[in-house]
Amino acid sequence: VRTELEPVELEDGAAVPKEFANPTDDTFMVEDAVEAIGFGKFQWKLSVVTGLAWASNYAMEMMILSILAPQLHCEWRLPSWQVALLTSVVFVGMMSSSTLWGNISDQYGRKTGLKISVLWTLYYGILSGFAPVYSWILVLRGLVGFGIGGVPQSVTLYAEFLPMKARAKCILLIEVFWAIGTVFEVLLAVLVMPTLGWRWLLILSALPLLLFAVLCFWLPESARYDVLSGNQEKAIATLKRIATENGAPMPLGKLIISRQEDRGKMRDLFTPHFRWTTLLLWFIWFSNAFSYYGLVLLTTEFFQAGDVCSISSRRQEVKAKCSLTCEYLTEEDYTDLLWTTLSEFPGVLVTLWIIDRIGRKKTMALSFLVFSFCSLLLFLCVGRNVLTVLLFIARAFISGGFQAAYVYTPEVYPTATRALGLGTCSGMARVGALITPFIAQVMLESSVYLTLVVYSGCCLLAAVASCFLPIETKGRGLQESSHREWGQEMVGRGSHSPGGTKSNSGSQE
């Protein structure tokens, strides 16, 4: 029989009466609080701030590569290998720093790591505009890449404040900010390049980072990190702040302080529970970046040739000429860059629709399979229109698979190693981005079909790897401690019995 109960106001430190106790015996975890508070005004603000980091620190700085390289090639008369090195050095910086930023975020906090990486990128991004010679801009852009390697930690911080039902959709929608950032960069280039030149483009492109650096003072530290590091009071204050902004009540009881443990240790990624998951994720992230950036390079080659079958004959014609002419980017080139970027929106929408229906693992596998199938269809001597459709479908799905990996990776690792796990995966992605120009440009000169087989085969293997991941994180909360069985904290409050029994349905086999 349910009876009407009057609200009771308890003094600080007073015991909660048993009839008011929650199913976890007067205690709750951060996961319980995040789920109880739900999605509200605070998460909307956090979405905008995280999206700004993604757009200004990641998308814009990466888009500059496709605009700066041809400009310097003409202005400084750089040979092709130096132009390629200008792009590669950014990926080298990102690859070398991804693990470091993950370690810093696990050791000293997500907010700390993110602020340092943003300020680092802002400083060296502005300095790049004053580079007097090629060697200086090479070093400075490498240092910019070093700072960009810390941007994925914004996803770690973001994910740790999101309730289970909203997590996948919100992280996927970050891709919208990526597209906005790239479109803004192209429009900025259209306005700045003809009059002020590439130096002002680099300086103005770094300024949005200043806005994010200011907004970082509003960002709270992750409550999950604070609890893990033993700072219970700060975690409770953060949760109360979120509850106040969302207009939702805090859970009753006392916040559990997780067992303090070493954070940011590489060996934690290779414990028996996570060894296989880590290795498979590294290959998945490698394949994603390898295929995505390879497709971007191949698109230019295919469009210039008209179709795949014309590549070899066009190469022979080019080798027979001795031309010192230099072509700057035209308005039509900028328009093509815009269309290529906008083609990623369908991939995000499809991924957004299926990721909570079929799960993270199957979504990644499907994305790789569709990309591989479209790559094989390029063997046919199709016309320009069909070629465009195949390339756009392939890019849409490989970009959607990338976002699915960004959803899955923070969900599968515990709080102690979440940032490091995402950082090492991001580092492996940069390895793929470093290698892919040698396939998409160098190998393409020898054999178009062998190049397509490499990309198609790599994605087929990645699809298999996605299916073999031991853990499906769909419908699960974020794991707090690596000392507990995976799945013990993952099923949320709905699976707890009044006696506090746990469900093992999510434990790794």
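Structure values in brief
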item	result
Mean separation of Cα contacts under 8 Å (6+ apart) over length of the stretch 25-251, as relative contact order %	36
Extension gain from VAL296 to VAL139, taking 0.36 nm per residue of separation minus the Cα-Cα distance	54.1 nm
Among 137-149, 177-189, the order from most to least packed when residues are scored by Cβ within 10 Å on average	137-149, 177-189
Lysine pairs in the stretch 25-251 with Cα atoms under 18 Å, if 8 or more residues apart or on separate chains	9
Surface accessible to a 1.4 Å probe, GLU445 within the full protein complex, Å²	90
Computed label-point distance, nm, for sites TRP353 and CYS381 using a 7 Å Cα→Cβ extension	3.6
Cα-projected label distance for TRP276 with LEU210, points at 7 Å along beta-carbon direction, nm	5.2
Long-range amide H partners of LEU255 with built H, under 5 Å	PHE28
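The values are calculated or read from the model by the stated rules, or taken from the named source; none is laboratory data. On a predicted model such as this, the values are computed, not experimentally measured, just so you know. Cβ sites come from the backbone with ideal geometry, for glycine too, and all protein chains shown count toward neighbours. Note: areas computed on protein heavy atoms with side chains; ligands, DNA, RNA excluded. Shrake-Rupley method; radii C 1.70, N 1.55, O 1.52, S 1.80 Å.
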